[in-house]
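In what follows, a single structure is set out as structure tokens and then discussed.
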Amino acid sequence: MSLPKPKHLADLNVLMALTDENHLHHARTVEWLDGPGGHNWGVCALTAAGFLRLATNPRIRSASIEEACDVLATLIDHPGYRFWPIVDDWATLAAPFLERVYGHQQITDAYLLGLAVKEGGVLVTMDKAIRSLAGNRYSQNVLLLK
């Protein structure tokens, strides 16, 4: 009997790297997606909206909304994709990490990590600070792509 494949929630920086061939971490994120990590992975409404916001920002990519939606649709068509619904509020999902949230830049990180923990999944990121946010107790819920 084989173990179930871990569920992976890609954060925004992973999505940006996956979809930009010129991104410093593009090759690593593609390697992850094409490997075992991509067999049960997905995004939530927060990461999908964040991707669209950044991809259409003229200072970052300047794609049209239609182009950005097409790129997102391509990701969604990847084998192994699943959507991660968010039904809990921020305070509920972030509660395990409140003592380690020290600034405004960790608000979304705590929410996504909380979602991964609640769903028995793993938050995939390139942000080293998320490991500190997770602490020892939730370190298995973080996959840091290097």
Problem - Residue list for the range 10-36, restricted to those being buried (at least 18 other Cβ atoms within 10 Å of the Cβ) and outside any loop (DSSP other than H, G, I, E, B) - result: ALA10, LEU12, ASN13, VAL14, LEU15, MET16, ALA17, LEU18, THR29, TRP32, LEU33
Exercise for the section: Note down all Cβ pairs under 6 Å where the first residue falls in the range 50-61 and is under 13 Å from ASN13 (Cα atoms) and free of Cβ contacts under 8 Å to residues at least 40 places away in the same chain, the second is part of a loop (DSSP other than H, G, I, E, B) and of a type outside the set (A, V, I, L, M, F, W, C), and they're at least six residues apart or on different chains. Expected result: ALA55/ARG61
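Each row is one residue, and each column tells you yes or no for (1) of a type in the set (Gly, Ala, Ser); (2) surrounded by fewer than 20 Cβ atoms within 10 Å (Cβ to Cβ).
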residue	(1), (2)
CYS69	no, yes
GLY80	yes, yes
TRP90	no, yes
LEU93	no, no
THR108	no, yes
GLU119	no, yes
Exercise for the section: Output the residues belonging to the range 120-146 that are more than 16 Å from LEU12 (Cα to Cα), hydroxyl-bearing (Ser, Thr, Tyr) and at pLDDT 95 or above. Expected result: TYR138, SER139
Exercise for the section: Could you tell me whether ILE76 is among the β-branched types (Val, Ile, Thr), within 21 Å of PRO6 (Cβ to Cβ) and surrounded by fewer than 16 Cβ atoms within 10 Å (Cβ to Cβ)? Expected result: yes
Exercise for the section: Might you check whether a residue that is in contact (Cβ under 8 Å) with a residue 12 or more places away in the chain and either among the charged types (D, E, K, R) or within 21 Å of ALA129 (Cβ to Cβ) (or both) occurs anywhere in the range 68-81? Expected result: no
Exercise for the section: For residues that are of a type in the set (A, V, I, L, M), in contact (Cβ under 8 Å) with a residue 40 or more places away in the chain and either at positive phi or out of contact with any Lys or Arg (no Cβ under 9 Å at 6 or more places or on another chain) (or both), tally how many sit in the range 116-129. Expected result: 2
Problem - Check on LEU93, touching a Leu at 6+ places or on another chain (Cβ under 8 Å), over 19 Å from LEU144 (Cα atoms) and at pLDDT 95 or above - result: yes
Problem - Close pairs (7 angstrom Cβ cut-off, 6 or more residues apart or separate chains): over 13 Å from LEU12 (Cα atoms) and in contact (Cβ under 8 Å) with a residue 40 or more places away in the chain in the range 98-115, among the aliphatic types (A, V, I, L, M) and outside any helix (DSSP H, G or I) anywhere - result: LEU115/LEU9; LEU115/ILE86
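The values are calculated or read from the model by the stated rules, or taken from the named source; none is laboratory data. These numbers come from a predicted model, not from an experiment. Here Cβ is always computed from backbone atoms with ideal geometry, including for glycine, and neighbour counts include all displayed protein chains.
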